[in-house]
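The values are calculated or read from the model by the stated rules, or taken from the named source; none is laboratory data. As the structure is a computational prediction, the values presented were derived from the model and not from experiment. As a convention, Cβ positions derive from the backbone with ideal geometry for all residues, glycine included, and neighbour counts pool all protein chains shown.
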Amino acid sequence: MADSTTGSPARRALITGITGQDGSYLAEFLLDRGYEVVGMVRRSSTVNYERIAHLMGRIEFHSGDLLDQFSIVEALQEHTPDEVYNLAAQSFVQTSFGQPVLTGETTALGVTRMLDAVRLVDPSIRFYQASSSEMFGKVHEVPQTESTPFHPRSPYGVAKVYGHWITVNYRESYGLHACSGMLFNHESPRRGLEFVTRKISHGVAQIALGQASELRLGNLDAKRDWGFAGDYVDAMWRMLQQDEPEDFVICTGQTHSVQEFCQAAFARVGLDWEKHVVVDQKYYRPAEVDLLVGDGSQAADRLGWRPTIDFVQLVEMMVDADVALLEGRLRNLS
Ligand code: NAP
Ligand code: F7E
């Protein structure tokens, strides 16, 4: 189909992980820019398209899995994308300790399967790899930049380091336009319920509405650089529009503890967090990432990217959405 504003053919993007938080925001973002969007989805026993329900009819789907090389090759051959965004992963750090092999297969080797498919099918495809601030782990400097050494603290972090370096390696070996976005934590009302921010916003909403009385959490002292997912997908796209492929840190430059997140979230509904939060050792990790805070100056200078939502706005957006969801004012998170 042609773009009605320019008359040139619409660009086509393939997104892996389209059913996830970032995939849903990225699909929206690209559709708004006139892209044709293809989402790679894996088979499950029930349909889990809740985050993209509002985009149905505007996205094409291709059945595939990061564990299955042929399905990836076929997706690229059939849909001939200009850009590929590899967002699929086993993305939950806690689960990576219990399922390190699956995490490695998906989050690490899955990247090689994607890159090899690009190399074989069409090396002119631009490739985005969803790398993570978890690669910095036990941080060697504060704030973290594009040149901060990696020291991952979980099987997930280790797998992301592999995914990062194999992306760099395919760029250097085969000249692919492949970029790695080292994104710090980004959240939204569409965040999975197991991640701490959404666990808190949803727990706060339940307590505010009398559906629960306590919220059980792990380490309240961990600090994260939390931004809004809707902002971060714009940075992914900007990376692929660069003439030369390059890797970027994407962050807000501000850090807050889990306790501060609790404080702000409970305050939004007029409650005192200390009366409801219970620390439970079950949610502690075998190795923790204590402090993350990024330096996003390269992204600001070269991509012109800056976050638009600050910490308090993010907390309030998430709490308000969960209250609305539980009150039945929101049918889904789109
Ligand atoms: P998410 O909500 O957990 O979504 C993960 C997506 O990956 C889902 O669509 C999931 O499909 C898909 N997936 C998992 N295993 C797969 C497989 N074997 N084959 C095909 N698809 C598979 O994650 P997110 O928060 O959107 O994050 C997107 C990416 O950015 C991930 O790679 C994550 O590691 C990375 N990242 C995230 C953050 C963050 O703060 N959000 C920060 C840095 C990097 P199902 O729906 O079928 O499960
Ligand atoms: O934990 C602490 C926990 O699971 C944040 C993923 O998107 O961002 C995410 O990884 C912090 C940790 O995210 C609970 O110990 C305390 O210190 O929300 P999280 P994460 O591990 O930072 C990175 C950038 C990614 O790439 C990942 O894909 O919060 N924490 N109590 C808790 N965490 C959870 N989940 N649950 C608790 O009860």
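Of note:
- Residue pairs whose Cβ atoms lie under 9 Å apart, sitting 6 or more positions apart in sequence or on different chains, and linking a residue in the stretch 35-47 that is within 16 Å of ligand 2 (Cβ to nearest atom) to a partner that is at pLDDT 95 or above, do not occur here.
- Residue match in the stretch 7-19 (condition: within 30 Å of Asn219 (Cβ to Cβ), within 16 Å of ligand 2 (Cβ to nearest atom), in contact with a Gly (Cβ under 8 Å, 6 or more places away or on another chain) and assigned to a loop (DSSP other than H, G, I, E, B)): yes
- Long-range neighbours under 6 Å by Cβ, at least six apart or interchain, first residue farther than 22 Å from Gln94 by Cα and in contact (Cβ under 8 Å) with a residue 12 or more places away in the chain within the stretch 119-144, second surrounded by 14 or more Cβ atoms within 10 Å (Cβ to Cβ) and among the acidic types (Asp, Glu): Arg126/Glu83; Pro143/Asp295
- Tallying residues that are buried (at least 18 other Cβ atoms within 10 Å of the Cβ) and touching a strand residue (DSSP E or B) at 6+ places or on another chain (Cβ under 8 Å) within the stretch 207-217 yields 3.
- Among the candidates Ser133, Ser147, the residue that is more than 10 Å from ligand 2 (Cβ to nearest atom), modelled with pLDDT of 95 or more and out of contact with any Pro (no Cβ under 6 Å at 6 or more places or on another chain) is uniquely Ser147.
- The residues in the stretch 203-239 that are more than 15 Å from ligand 1 (Cβ to nearest atom) and not β-branched (Val, Ile, Thr) can be counted, and the count is 18.
- Filter result for the condition that a residue is among the aliphatic types (A, V, I, L, M), away from ligand 2 (no atom under 15 Å from the Cβ) and farther than 17 Å from Asp290 by Cα, over Leu209, Leu193, Leu215: Leu209
- Complete set of residues in the stretch 72-93 that are away from ligand 1 (no atom under 12 Å from the Cβ), crowded, with 16+ Cβ neighbours inside 10 Å and either over 19 Å from the mean Cα position of the chain (by Cα) or under 30 Å from Pro286 (Cβ atoms) (or both): Val73, Glu74, Leu76, His79, Pro81, Asp82
- Where helices (runs of 4 or more DSSP H) fall wholly inside the stretch 76-127, the ranges with 2 or more residues that are of a type in the set (A, V, I, L, M) are 100-103, 110-121.
- Among the residues of the stretch 175-196, at least one is without any contact (Cβ under 8 Å) to a residue 60 or more places away in the chain, over 25 Å from Val279 (Cα atoms) and assigned by TED's automatic domain parsing to the domain that holds Asp122.
- Within the set Gly296, Gly328, the sole residue that is over 19 Å from Phe195 (Cβ atoms) and over 20 Å from the mean Cα position of the chain (by Cα) turns out to be Gly328.
- Some residue of the stretch 55-71 being under 17 Å from Gly230 (Cβ atoms), surrounded by fewer than 20 Cβ atoms within 10 Å (Cβ to Cβ), assigned by TED's automatic domain parsing to the domain that holds Thr107 and within 15 Å of ligand 1 (Cβ to nearest atom): yes
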